[in-house]
Every structure is written in C-alpha cells, then in structure tokens.
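K.L.:
Below you'll find the structure I mean.
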C-alpha cells in the first residue's frame, strides 16, 4: 500500500511494518500476516494484496485488519464507507489503525474513521490537482510528457529551458520504414507483425507486434485513412425519421415496437446499414426531444445549455405556457426531475 518510490527504495515500508508489530505487541493482538501492496496507489481497492485481505476476512481466517495509517488503506470516502458497511459495522471484524487510534468496534471510532477518510480524500484530490497543474505548465513550456511515439526517444541533451530533447530512434525509424515498405508491397496490417518479429524489430514495449500497433503506425504516416462514420446530426433524413419516431411514441409504442416499425418501413439513416434497435431508438428520441422547443423537456434542455439556473428555467417554462404535472408552479426540484427524464 505504498507508492512506486517506496516500493523501489524501501522508503517507509519497514517503518510501517514496525508500527503494526509494535501496535499488536502493545495491545496483546496476534499478528497473523503482513500484506504489502508495493507500488500500488491507495486511490482504490483493486489491489492484489487488499483482495487477499478480503479473502481472509470472508473465510474467517482473521478477525480484524490493522493498517499503519488510514490513507494506506484507501483515500476514497466511498470505498471506506463500503468497507465499514460490509465488514466492520457489525463488530464481527475490527478495523484498527496503528498511528491514528481508530477502532471501528464503537460508534465513536467509526465516526473518527469517517472524518479521517474525508481528510485523506481531500489530500488525494489536492495532490491530483497540483500534479495536473504542474504537467499543464510543463507542456505549455514545450516539455514532453509520457511515452514517446514509436520511432522517437528522449535524449540526454537539454534545451534552453532544461527539458530533455526528443530525437529519432534509428532502429525504430528503420522498423517504420520497413512497415511502410511491406504495406506498399501489398501485405495486410495483420500480416506485417509476424514479419517484423521474424526480422528482429521489437515493438515499443517488447513482446510481439499486434495488429493495432502496426495499424497505428500506418495511420500516423498516412498509409491508411480510417473511415469515419458520419455523426447522427449530419445525416440528411434525420428530421423525417425523428418526426416519425416521435409520432409512434405519442401513440404509446415502446422503443422495441418503434424499432420494428422503422425497420419495416425502411426508414434507415443515410449512410447506415444497421437496423434500428431499442437502444438506438431511445438515443434518437432523446436527441429529437432535446431539440424540440415545442416540448417542456426540449425547451428546458435548451435553456440549461445556455447556463440558466433551475429557478430561472421554471419561470421561463411558465411564461411559455408549460405547466408541471403537479402544482401550478415550477420549483427547482420539478425542473430537475424534468431534465432527468426523457419524456416528450
């Protein structure tokens, strides 16, 4: 349950072990095992070591969990609450902290736990914000972040700002030229990978070449132009199909029934060969009603996208003659429920 730097250099791991051992010794607790998630962040619970702990709890091999510090367990208030509700609220298992004096066996201890988890989450979010701001500033100054695309690498030379200079990787550039040659000879992208493996050109992160890695390089260098499906708003017959779907919906037909009707009548979108299904009909109707100012839902959506508050939208709906289902006035809650619905 430590960062990569801690996992590589051993920073704080030994001290965390000693904290747990000393806590068990002081409180006369039997220590069964110490589980370390080296190099794993505490942002979530999807970690191998923690899954092992949950398996021990569910098998009733242990009766409690001790952490050196709460943020080593998780920095998410949602995850902490789920853990307490699932494992530690019925006093069958105990969650203890060696450095924060947390004991979930009592209501006061659980309250202390919730407060500490809130601070841990705020700390995590602050770290993310600082790192993101720093990366954006670094990129704005011309710095490169992340892994270089295939064919390039970071050199040891620095520019005038102190950033590492990006240069070509001769061996990878040779592999790129070979990929383009094989494609020009008529080889498919899927067949180029095994040829590169046989000729000793390794991919970016080792292993074997895949179709996607070859396809990305061919696309980047203009050898392949991926076909893009037109957006649903750009199709010529969208308005007529939307009107027909709205008409069927007003007659009480369900989404599957509308899909069958559109398919039976041959009303497919221009450039589209796939038949209508319930999910695509629902998306079509949602788009259509959002644009339709004649409905309360569509008018409210348009006002919301312009930045109006819920109360302002309620007043404008009344001015246009739209009345709520219950009552004579639009309240903020009723406007919110309207925006969350997909009714026409």
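Since every read-out is calculated from the coordinates, none of them should be taken as a lab result. Values in this document were obtained by computation on a predicted structure and should not be read as measured data. Virtual Cβ from ideal backbone geometry, glycine too; neighbours counted across all protein chains shown.
K.L.:
How high is the FRET efficiency from residue 279 to residue 239, r the C-beta distance, R0 22 Å, rounded to 0.05? List each step's numbers first, then the result.
P.N.:
Numbers: r = 21 Å, r/R0 = 0.95.
Calculated transfer efficiency: 0.55.
K.L.:
While we're here: Quickly work out the residue 22-to-residue 59 label distance, labels modelled 7 Å from Cα along the C-beta direction, and quote it in nm with one decimal.
P.N.:
3.2 nm
K.L.:
I would also like to ask the following. Taking 0.36 nm per intervening residue step and subtracting the Cα-Cα distance, what contour gain separates residue 318 from residue 168 on full extension? Intermediate values should be presented prior to the final figure.
P.N.:
Working: separation 150, 0.36 × 150 = 54.00 nm, distance 6.44 nm.
Stretched fully, the residue 318-residue 168 segment lengthens by 47.6 nm.
K.L.:
Using a Förster distance of 51 Å, how high is the FRET efficiency between residue 177 and residue 123, based on the Cβ-Cβ distance and rounded to 0.05? Provide the component values of the computation, followed by the final result.
P.N.:
Working: r = 49 Å, r/R0 = 0.96.
Computed FRET efficiency for residue 177 and residue 123: 0.55.
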